[in-house]
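Peer 1: The structure under discussion is supplied below as structure tokens; questions concerning it will follow.
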Amino acid sequence: MVGETGKPLTREAIEAHQLIKLRETIAWVRQNSPFYSRHLANFEAAGLSCLKDLERFPFTTAEDIRNDPLQFLCVSQSEIKRVVTLPTSGTTGDPKRIYFTEDDQELTIDFFCDGMSTLAGPGDRVLILLPGERPGSVGDLLLKGLFRLGAIGIPHGLVKDVETTLDIMERERVDTLVGIPVQILALARLGGGRAAPRNILLSTDYAPKAVTEVLRELWGCEVFTHYGMTEMGFGGAVECQAHFGYHMREGDLLFEIIDPVTGHPFQEGERGEVVFTTLTRRGMPLIRYRTGDTSRFIPENCPCGTVLKTMEQIKGRIEGNVRLGASHILTMAALDEALFPLPGLLDFSVSLSCEKGKDRLHLGIYALESHGEEMEKLVLSALQRVPSIQAACEEDALSLSVEIRREGWIPMRGAGKRRIEDSRE
Ligand SMILES: [Zn+2]
């Protein structure tokens, strides 16, 4: 990454830029967003003499957005080019709406161009397995970013039929795939290694390490991960060739790691909740937005020599954790890492219920037909190696059940957020 003057960027230059943009953003939202003019009534831009001063500012939550997203707008609705409606994870509450102006979308296209240059170059053929039908959708912005890079983007959308997508990959001689982890895993496993791309970018809030490893093995390709969410303007950070962690999109976003319980900032290197502030967005800027994702900054320098901050891969979401037995915490990430390495496993759903005072963890497993026989045993023994499950079983507080679903891979699986369905009182 180089600065506009062509000289290499320094840490000082990035932080000086961030401080200027931060002050501008605070002044802009206080003046133009009804929500922030109230929320930040006592917090002036002039009060920011360094980036650390932002710690005194209040957080913004998903709940705040859900309550009344229009109150966040800093421009008239006629200037909004794109509205993204995000479904809620629970059954209650209104959906979240995120608004973007044309300039906001330009920033994302620039980031996609920059980020994709790590794994694709001019002339490379990139199949985009992300929603892209509508102008301004993530797939559409990525297509534009690739065009800017001189690469050839091929819009596809989510995988609905594995065979069809594999045929397209072969016919189009695809070099690089961009998509959602579980969907790409299905392509690799159902295709038995056919149509191997050279590079893959897994784009999601978090990518199980096990999926990354299986893809590398089955296809012999390089796998990169991208961290992003709609609220960030889709793009947040991307891995470099050293696979040392994500390099953050620091020109547009200011990231913090906080204690999810007290809200206090954590020291560099400590694991906590990821919080970000938009620095360059005009339509709907967000100040100290709590993502609910868990990670930490890696204090050591990446071998690539970047001056950008590096963040460890996301380990999952805070709200998705469930308690087993006395005090054992089970995360979706722990299940992912335990189960995805099993040969022939495509995906799974997981639910937790209570029967006669005892918790019951039920796994619905989607597997290749050819791996059906042994699968139940393999799943059970993999589950029993997860420490929290093992401990709860030993306390006789938990029972396990596994159902192998032989109807094959369900189209569109993996597109939403995967989580443990907890139906206990
Ligand atoms: Zn690097």
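Peer 1: Taking interchain pairs and intrachain pairs at least six residues apart, which have beta carbon atoms under 7 angstrom, with the first residue in the stretch 302-321 and among the acidic types (Asp, Glu) and the second more than 7 Å from the ligand (Cβ to nearest atom)?
Peer 2: From residues that are among the acidic types (Asp, Glu), the pairs are GLU312/GLY245; GLU312/SER295; GLU312/ARG296; GLU312/ILE298; GLU319/GLY292.
Peer 1: Does ARG189 qualify as being over 21 Å from the mean Cα position of the chain (by Cα), buried (at least 19 other Cβ atoms within 10 Å of the Cβ) and farther than 27 Å from ASP114 by Cβ?
Peer 2: yes
Peer 1: Let me ask something else. Only one of (1) surrounded by 21 or more Cβ atoms within 10 Å (Cβ to Cβ); (2) more than 16 Å from the ligand (Cβ to nearest atom) fails for ILE258. Which number is that?
Peer 2: (1)
Peer 1: On the basis of being of a type in the set (Val, Ile, Thr), modelled with pLDDT of 95 or more and touching a strand residue (DSSP E or B) at 6+ places or on another chain (Cβ under 7 Å), does THR101 make the cut?
Peer 2: yes
Peer 1: Might you check whether a residue that is buried (at least 16 other Cβ atoms within 10 Å of the Cβ), in a strand (DSSP E or B) and within 16 Å of the ligand (Cβ to nearest atom) occurs anywhere in the stretch 263-285?
Peer 2: Scanning the stretch 263-285, I find no residue that is buried (at least 16 other Cβ atoms within 10 Å of the Cβ), in a strand (DSSP E or B) and within 16 Å of the ligand (Cβ to nearest atom), so the answer is no.
Peer 1: Of all the strands (runs of 3 or more DSSP E) wholly in the stretch 81-165, which have at least 3 residues that are closer than 28 Å to ASP68 by Cβ, more than 17 Å from the chain's Cα centre (by Cα) and in the same structural domain as SER33 (by TED's automatic domain parsing)? Give the derivation first.
Peer 2: On the way: elements: 96-101, 125-128, 152-155.
The strands (runs of 3 or more DSSP E) meeting that bar are 96-101.
Peer 1: Out of the stretch 331-345, which residues are more than 12 Å from ARG385 (Cβ to Cβ) and within 20 Å of the chain's Cα centre (by Cα)?
Peer 2: THR331, MET332, ALA333, ASP336, PHE340
Listed here are the residues, each with its yes/no results for (1) within 16 Å of the ligand (Cβ to nearest atom); (2) at pLDDT below 90; (3) surrounded by 22 or more Cβ atoms within 10 Å (Cβ to Cβ); (4) in the same structural domain as LEU146 (by TED's automatic domain parsing).
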{"residue": "ASP167", "(1), (2), (3), (4)": "no, no, no, yes"}
{"residue": "THR176", "(1), (2), (3), (4)": "no, no, yes, yes"}
{"residue": "GLY179", "(1), (2), (3), (4)": "no, no, yes, yes"}
{"residue": "ARG194", "(1), (2), (3), (4)": "no, no, no, yes"}
{"residue": "ILE200", "(1), (2), (3), (4)": "no, no, yes, yes"}
{"residue": "ALA207", "(1), (2), (3), (4)": "no, yes, yes, yes"}
{"residue": "LEU218", "(1), (2), (3), (4)": "no, no, no, yes"}
{"residue": "GLU222", "(1), (2), (3), (4)": "yes, no, no, yes"}
{"residue": "GLN241", "(1), (2), (3), (4)": "yes, no, no, yes"}
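Peer 1: Next up: How do the pairs read when you match residues in the stretch 217-244 that are within 30 Å of VAL83 (Cα to Cα) with residues anywhere that are aliphatic (A, V, I, L, M) and assigned to a loop (DSSP other than H, G, I, E, B), using Cβ under 7 Å and keeping only pairs 6 or more apart or on different chains?
Peer 2: PHE224/LEU119; THR225/ALA207; TYR227/ILE314; GLU231/LEU286; GLY236/MET229
Peer 1: Right, next: For the stretch 303-317: of the residues being surrounded by 20 or more Cβ atoms within 10 Å (Cβ to Cβ) and β-branched (Val, Ile, Thr), which is nearest to the ligand (Cβ to nearest atom)?
Peer 2: Only one residue fits best here, namely THR310.
The values are calculated or read from the model by the stated rules, or taken from the named source; none is laboratory data. None of these values were measured; they are calculated from a predicted model. Every residue, glycine as well, gets a Cβ built from its backbone with ideal geometry; the counts of neighbours run over all protein chains shown.
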